[in-house]
Each structure stands twice: as C-alpha cells, then as structure tokens.
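**Student:** This structure is in structure tokens; I'll ask about it shortly.
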Amino acid sequence: MKITTNEKLLRQRSQLVRWTSMAGLMVLGGGLLASFNEAYYFWSLPALLIGFVLANISAYNANRYVREPRADHVLEKALRGFDNNYHLFNYTAAAPHVLLTPSRLYVITAKNQDGVIRKQGTRWKRNFSVKRLFLFFNEEALGNPTHEALSNAEKLRTQLSRALSGDLPAIEPLVVFTHPNATLQLDDPSGRDRDEVPAMLAKDLKKHLRSQPKGTLIAPEVRRQLTEVLQGDAA
C-alpha cells in the first residue's frame with residue numbers, strides 16, 4: 001500500500017502545541033499573580049480567558065496531530081497488507097484521511113476517544129468516566145461522528161469537483177475509532193444508520209473494506225489526476 005503523509009503540517013502543528021501550551025501556562029500564571037495585587041487585579045480575568053483559549057488550541061492540535069496513538073499511524077497499521085492499488089493520504093486533502101482504492105474513495109473520519117462509545121439512532125454518547133473530568137482540557141469531545149464524516153466527504157467532493165472535470169468516482173464516508181481501548185455499541189450491527197455511514201474499530205477496517213463490492217475500476221488517467229490532487233504539496 002502507498003502512503004502519503006503531510007509531514008510538514010505535522011511538524012508545524014507539533015510546534016504550535018508547544019508554543020500555545022507554554023504561552024497558556026505563562027498567561028495563566030501571570031493572571032494568578034495579578035489576582036493577588038489590587039493594582040493589577042483587573043488583568044486576572046482577561047488572562048484567564050486568554051489562557052483558556054490557548055489551552056483549547058493546544059489540546060485540539062495535540063489530540064489530532066501529536067498524541068499517540070496518532071490516527072495516521074493506526075490507519076497505516078490497520079490497512080497493512082493491501083497492494084499498491086490502495087493509497088492512503090493523510091492531512092494532504094480537504095479531508096484529513098482519504099483512501100484511494102481501485103474503484104472508489106473512502107473518506108475516513110478518525111476518532112481517538114476511548115471507553116464505551118454508544119450510538120442510538122443518530123445520537124452518539126460516551127459512558128461517564130471520572131478520569132474524563134481530570135482530562136477535560138486534554139480530550140477532544142466526541143461530537144457527532146456521523147455528521148463529521150458526512151461533512152468531510154462533502155469537503156472532499158467539493159475539492160475534487162473544482163479540480164477535475166467529468167464524473168467523480170464514488171466517495172464514501174467511514175468513521176473509524178483508533179484508540180486501542182475503545183469499545184463500540186451500535187444499535188445496528190452493520191455499523192450503518194439512516195445516513196449510511198459505517199462506523200467501526202480500526203482493527204475491523206480491513207475486513208469492512210474487503211467485504212465491499214468491487215465496483216467499476218477507476219480509469220488509470222482519472223486515478224493519476226486524483227492522486228495529483230489528493231497529495232497536494234506533500235508529493
């Protein structure tokens with residue numbers, strides 16, 4: 001399998017995490033000191049707000065681009081064994097992870113939450129955990145993976161429609177939970193809901209892909225154009 005990863009973006013996000021983390025601590029420390037001095041007390045609240053924003057920026061980027069298990073590493077391992085007709089693009093296109101196969105494109109929305117994750121209809125929930133209270137700033141919210149996956153697929157479709165002429169191959173969204181301690185409880189054993197977005201653990205990804213119908217092969221010239229667009233500046 002071929003893999004193209006935007007290493008430059010990962011380095012930039014890693015640096016951003018370090019700087020925002022340091023700046024956030026400094027601002028919060030300054031605000032704490034200001035709160036004990038009547039002459040500078042009015043600076044404590046702005047410092048708290050700025051520190052909160054910096055902490056969220058740092059946590060968001062750390063979870064997506066730095067903290068292990070990093071999504072691109074997990075997906076690479078999960079897809080190991082496919083031949084070079086499969087090409088995984090990480091952080092190079094309008095969607096974070098795109099898998100080009102012989103007959104279609106899969107837009108993979110990776111989620112790194114652990115614990116028991118339940119889906120009922122179109123609603124997603126996580127079981128309560130005391131640990132999460134202490135990791136409030138260090139964890140990304142679960143949100144609605146179904147909606148996120150559909151949004152990512154639409155972003156990719158828009159990007160490709162603008163760059164290429166003619167009909168596009170099938171673009172299918174997937175939700176993949178990459179944390180090794182994640183457990184899924186789905187109301188539909190097939191992993192699909194009314195929006196037709198399959199959800200699965202990373203260890204089940206290869207099995208899911210192999211179970212799909214082969215479909216019409218993408219023409220070599222179209223595949224070349226797709227690869228050129230999807231790899232962006234990470235060629």
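The values are calculated or read from the model by the stated rules, or taken from the named source; none is laboratory data. Remember, it's a predicted structure, so these values are computed and weren't measured experimentally. Positions of Cβ are backbone-derived with ideal geometry, glycine not excepted, and every protein chain shown enters the neighbour counts.
**Student:** State yes or no: is ALA153 small (Gly, Ala, Ser) and in a helix (DSSP H, G or I)?
**Tutor:** Numbers: small (Gly, Ala, Ser): yes; in a helix (DSSP H, G or I): yes.
Yes; evaluated as a whole, the condition is true for this residue.
**Student:** Taking the conditions exactly as written (surrounded by fewer than 18 Cβ atoms within 10 Å (Cβ to Cβ), in contact (Cβ under 8 Å) with a residue 12 or more places away in the chain and among the hydroxyl-bearing types (Ser, Thr, Tyr)), does SER35 satisfy them or not?
**Tutor:** no
**Student:** Take the conditions surrounded by fewer than 12 Cβ atoms within 10 Å (Cβ to Cβ) and either modelled with pLDDT of 95 or more or within 15 Å of ILE108 (Cα to Cα) (or both) and apply them to THR158. Does it pass?
**Tutor:** When the stated conditions are applied, THR158 passes them.
**Student:** Test of understanding: among THR227, THR183, THR158, which residue is hydroxyl-bearing (Ser, Thr, Tyr), assigned by TED's automatic domain parsing to the domain that holds ASN84, assigned to a strand (DSSP E or B) and under 22 Å from the mean Cα position of the chain (by Cα)?
**Tutor:** Numbers: THR227 fails: assigned to a strand (DSSP E or B); THR158 fails: assigned to a strand (DSSP E or B).
When all the criteria are applied, what remains is THR183.
**Student:** Could I ask something else about it? Does GLY24 satisfy the condition of being in contact with a helix residue (DSSP H, G or I) (Cβ under 8 Å, 6 or more places away or on another chain), in the same structural domain as ALA62 (by TED's automatic domain parsing), part of a helix (DSSP H, G or I) and closer than 18 Å to ALA62 by Cβ? Walk me through it before giving the result.
**Tutor:** Values: in contact with a helix residue (DSSP H, G or I) (Cβ under 8 Å, 6 or more places away or on another chain): yes; in the same structural domain as ALA62 (by TED's automatic domain parsing): yes; part of a helix (DSSP H, G or I): yes; closer than 18 Å to ALA62 by Cβ: yes.
Taking the combined requirement at face value, the residue satisfies it.
Residues are listed down the side, and each one gets a yes or a no for (1) under 30 Å from LEU25 (Cα atoms); (2) crowded, with 17+ Cβ neighbours inside 10 Å; (3) among the aliphatic types (A, V, I, L, M):
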site	(1), (2), (3)
VAL53	yes, no, yes
ALA62	yes, yes, yes
ARG80	no, no, no
ASN90	no, yes, no
LEU100	no, yes, yes
